[in-house]
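The values are calculated or read from the model by the stated rules, or taken from the named source; none is laboratory data. Everything numeric in this text was worked out from a predicted model, so none of it was measured. Cβ sites come from the backbone with ideal geometry, for glycine too, and all protein chains shown count toward neighbours. Ligands, DNA and RNA are stripped out before the accessible areas are found, and what is left, the full protein with its side chains, is counted by its heavy atoms. Shrake-Rupley method; radii C 1.70, N 1.55, O 1.52, S 1.80 Å.
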Amino acid sequence: DSNTTVLKENRGVVIRLNDTMLFDQGSAIIKPEALSTLESISGKLREFNNPILIEGHTDSTPIKNEKYPSNWELSTARATNIISYLIQKQHFPPNRLSAVGYGEYMPVSENDTPENKAKNRRVDIIILSSDKK
């Protein structure tokens, strides 16, 4: 599916999810239509005992709404909500999970076009290599 990319990095396997599949703009509430994808990914995550890191990322467009005064808060809330889903709905052991929000500070592309900005708005689920914490 074009909303999901799997990458192999030194730190582990990265499952990269397009933010528009998961969330409405400026929101950290997981869309109902994203739940089947998350359920499928959960099944794959169960095949490993490695720690799992959830990273939230935004583009460089400043956000300022009542709930999220900056991209830091939005990206962190998105990562945390994915963890809540994994714990509450998929019964993952909490000690295997951690969340981090990078805001716009870890882009995978320039923030110069709408297409490139879309690449930067993502959630990365990383199955960490067993020797990396």
Assess whether THR5 counts as being within 19 Å of VAL108 (Cβ to Cβ) and either of a type in the set (Val, Ile, Thr) or open to solvent by less than 70 Å² (accessible area, probe 1.4 Å) (or both). yes
Pick out the one residue from ALA118, ALA79 that is open to solvent by less than 50 Å² (accessible area, probe 1.4 Å), closer than 20 Å to TYR68 by Cα and at pLDDT below 95. ALA118
Answer residue from region 85-114, given it is more than 20 Å from THR20 (Cβ to Cβ) and of a type in the set (Ser, Thr, Tyr) and is surrounded by the fewest Cβ atoms within 10 Å (Cβ to Cβ) among those: TYR105
Here are ARG11, ARG46: which of them is surrounded by 13 or more Cβ atoms within 10 Å (Cβ to Cβ), out of contact with any helix residue (DSSP H, G or I) (no Cβ under 8 Å at 6 or more places or on another chain) and charged (D, E, K, R)? ARG11
Report, ordered by the first and then the second residue, all pairs with beta carbons closer than 6 Å, sequence separation of six or more or different chains, a first member in region 58-81 that is more than 18 Å from ASN18 (Cβ to Cβ), and a second member that is among the hydrophobic types (A, V, I, L, M, F, W, C). TYR68/LEU74; THR80/ALA99
Residue in region 22-30 that is out of contact with any His (no Cβ under 8 Å at 6 or more places or on another chain), open to solvent by 70 Å² or more (accessible area, probe 1.4 Å) and among the β-branched types (Val, Ile, Thr) present: yes
Taking region 79-121 and keeping residues within 25 Å of ASN49 (Cβ to Cβ), in contact with a helix residue (DSSP H, G or I) (Cβ under 7 Å, 6 or more places away or on another chain) and of a type outside the set (Ser, Thr, Tyr) leaves LEU86, ILE87, GLN90, PHE92, PRO94, LEU97, ALA99, VAL100
